[in-house]
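Quick notes on the structure that follows.
The values are calculated or read from the model by the stated rules, or taken from the named source; none is laboratory data. These numbers come from a predicted model, not from an experiment. Heavy atoms of the whole protein, side chains included, go into the accessibility calculation; ligands, DNA and RNA do not. Shrake-Rupley method; radii C 1.70, N 1.55, O 1.52, S 1.80 Å.
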Amino acid sequence: MRHVLTSLLALHWALVFALLAFICIDGSRGVSAALGMLGVTTLSPGLADLENAVVVAPLATALMVVAVLFCWAFLETLISTISLDAADSVMRIAFISAFGLLSVILVGGAAQGINGLFMVIAIQMAALLASYVAMLAERRAASPATVPGKGETRAAHVMAKGAAHASLLSRISGRPDTNRKDGR
């Protein structure tokens, strides 16, 4: 398996977002517990009701959608061994969704007056960015630098064969090679 790091990081982020969605759904703790899992330790006492279904349901759904996207990307990296184009597009969508969701959490938390949320979200976004860069580096390291297409290699092969044949005929006949500038 060539893309071990890509597979493991996709699985990691799928589990992280699924765990956050599961914790968010929990009736006793809800969004405050999910924020605690992210690293927000202090919640202001004057916060709006974070356990309200209007807040919990969309957040849990969005977290689960991102988890499913990362799980899909994980499965694509396992299934597609030859070309990772499908896995790359799903991975890109998953990371964009994760960044978007974290941005929405940051804006919503700032509107609610949650203290310490900016640094926690910044760290999570940095971790997502580092994961994405590591996946791109692994993909670039695993792919050959420049592989000519099938038609290009065929044309080059035919041209080289023709040049070798012409050179061999000129040597056998004793005539000078007409392709060379010095006339040998």
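Report the gain in length on full extension from Arg154 to Asp26: 0.36 nm times residue separation, minus Cα-Cα distance, nm rounded to one decimal.
Full extension of this stretch gives 39.9 nm more.
Once you have the Cα-Cα distance between Leu75 and Ala166, take 0.36 nm times their residue separation minus that, and quote the gain in nm to one decimal.
27.5 nm
Using a 1.4 angstrom probe, figure out how much accessible area the range 71-114 has per residue, in square angstrom, rounded to the nearest whole.
Value for the range 71-114: 52 Å² per residue.
Summarise the accessible area of the range 56-135 (1.4 Å probe, protein heavy atoms) by the percent that is carbon and sulfur.
On the range 56-135, the fraction of accessible area on carbon and sulfur atoms equals 78 percent.
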